[in-house]
Every structure is written in structure tokens, then in C-alpha cells.
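The structure appears below as C-alpha cells.
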Amino acid sequence: MSRSTRRVPVVFAALGDETRLSLLERLSKGRRCSIAQLTDGTRLTRQAVTKHLRVLEKAGVVHATRAGRESVFEFDPRPVAEVRTYLDRVSRQWDEALDRLRAYVE
Amino acid sequence: MEDRIEKTIELKAPISRVWRALTDHREFGEWFRVKLDGPFVPGETSSGWITWPGYEHLKWEAVVQSMEPERYFSFTWHPYAIDPAVDYSAEPSTLVEFRLEEIPAGTLLMLTESGFSKLPEDRRSLAFRMNDGGWTQQIGNIEVHVAQHA
């Protein structure tokens, strides 16, 4: 639990960038993509895409595998789901605390 | 998925009553289930022990940020610090804010907890940047995907 808790800000940080979000959005369609494919149709350099993919990889939201001479990247929905589960839990705790506050003052 | 939690509730109690329940450390402890060592003082650390059955071994710690009588109360803390073996001081802290407003029925209480994306010092290089519009919208798209694959 504390491990996924610790990952929360890292996942947020990884997702808090428009370029990375757009890369992730493409990957989240379910297909594996190479750096070349992800660079195609964008104004980004290959180096920039690689740099952003490494940040996403560090946060665990994408995984790289070798396919011949190139790396292909794949979306992993679990960290995003973990963050959401975590926020849901915090949210529920507040609901309960505020219910007790209500009972206490009314 | 937002970087904050927001709650709004209407309480059938006068604003002075709600203010006391929030900021008197004994009253706060009653509903929040924590036994605090002393009164809340802006700028100072408030500490105590959780009184929730089964969690009494857990320390409660927060830094009071601001107290504007019958209007605004805020503190920072480490959310969900449940593992006594972990030193949470290096973990990101969130800001908890209570805003009060008088309404005919009594008091409107707005709670916000924000800063889940805030990073400890050593991770500043990855600093979170809030994007207007794009962020929420695109997260929405990813969320749909997560929901389908959960």
C-alpha cells in the first residue's frame, strides 16, 4: 500500500505534461508503438519523444520491449488505476469524517 | 482524475458552532478521531494519536497553515500515512482547507484536499505542471481506457 501511495505523485508528474499525455493517449488505444511511430505526425524530435517515454516508463505507465533493433512501447493502465483507487479511498475517508462532523454539530 | 478532492456539505448548525468543531483541538478530535496534544496554532505543528479502533498506534501530525475565524481553516499533512515504519516527512504533503459560509439553513462547509501531485524535494526535476483544459480532458480519455481494462 505505501508503495503505491508513494507512486501517486510520480504518476501525476508523468501525466502532468501535454506531450506525454498525448503520447500516452496514443498508446492507450492498445497498440504497441515504436519511437518512430510515435514521432510520426508530430512536431517532436525523436530525442524529445524518447525523453518523454522514459519519464512515462519510470512512472510505470508504459513499458518498453525490444522488437528487433528497436524499442516498442506499451501502455500499462495499472498505475493510473492505482492513483484513482488511492484518491477514491481518501475521498471516502473524508465522506465518513464529514458524516461524523455532521452528527457532532447538528 | 483530478489533483484534488472537493466536498461541499450543508450543516444545520450556526457557523460559530461549526467553526468551534473544526478548530478547537478537542472538538476536532471528537469527530476526526484523533487525540491531539494541544490547541491548533497557525504555523505550528499539531500532533497526536489516532483514536480510530485498530489504528491507535498511528501518530497524527499536521502543520496548521491558516485560521481566519468562522471563515477559513487550513493545514498541511501527509495523507494516508498509515505505515508507522515509513518516515513520511520526505513524502509529499497535501493541503486541507475548510471554507465556511453562512446560509439560511445554517452553514455551508467546503472541504478541499489538494496537492497529491506535489513532489518531495529530490523529485523536483519532474515538477508537475498543470495544463489548462488539456490535462483534465485527456485524463478523461485515459480513464475510459482504464475502466475498460480494469
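The values are calculated or read from the model by the stated rules, or taken from the named source; none is laboratory data. The structure presented is a predicted model; accordingly, all values stated were derived computationally and were not measured. Here the Cβ is made from the backbone with ideal geometry for all residues, glycine too, and neighbour counts use every protein chain on show. The accessibility values were calculated without ligands, DNA or RNA, using every heavy atom of the protein model including side chains. Shrake-Rupley method; radii C 1.70, N 1.55, O 1.52, S 1.80 Å.
Could you tell me how many of the residues in the range A:62-106 are β-branched (Val, Ile, Thr) and touching a Cys at 6+ places or on another chain (Cβ under 8 Å)?
Residues of the range A:62-106 that are β-branched (Val, Ile, Thr), as a first pass: A:62, A:65, A:72, A:80, A:83, A:85, A:90, A:105.
Next, from what is left, pick out any that are touching a Cys at 6+ places or on another chain (Cβ under 8 Å): A:72.
Total meeting the criteria: 1.
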From B:GLU101, B:GLU61, residue being at pLDDT 60 or above, within 14 Å of the chain's Cα centre (by Cα) and open to solvent by 30 Å² or more (accessible area, probe 1.4 Å): B:GLU61
Cross-chain or 6+ apart pairs with Cβ under 8 Å, the range A:53-78 first and over 16 Å from A:GLN37 (Cβ atoms) and touching a residue at least 40 places away in the same chain (Cβ under 8 Å), then of a type in the set (Phe, Trp, Tyr) and surrounded by 18 or more Cβ atoms within 10 Å (Cβ to Cβ): A:VAL61/A:PHE75
In the range B:4-38, which residues are in a loop (DSSP other than H, G, I, E, B), open to solvent by 20 Å² or more (accessible area, probe 1.4 Å) and either at positive phi or at the interface with chain A (Cβ under 10 Å from one of its Cβ atoms) (or both)? B:LYS12, B:PRO14, B:ARG33
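Scan the range A:29-52 for residues that are among the polar types (S, T, N, Q) and either within 21 Å of B:PHE116 (Cβ to Cβ) or without any contact (Cβ under 8 Å) to a residue 24 or more places away in the chain (or both) and jot them down. If you could, list the steps in order and put the result at the bottom.
Quick first cut of the range A:29-52, residues among the polar types (S, T, N, Q) only: A:34, A:37, A:39, A:42, A:45, A:47, A:50.
Within the range A:29-52, A:GLN37, A:THR39, A:THR42, A:THR45, A:GLN47, A:THR50 qualify.
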Test each condition in (1) open to solvent by 60 Å² or more (accessible area, probe 1.4 Å); (2) within 8 Å of chain B (Cβ to nearest Cβ); (3) under 22 Å from A:VAL10 (Cβ atoms) for A:ASP88 and report the one that comes out false. (2)
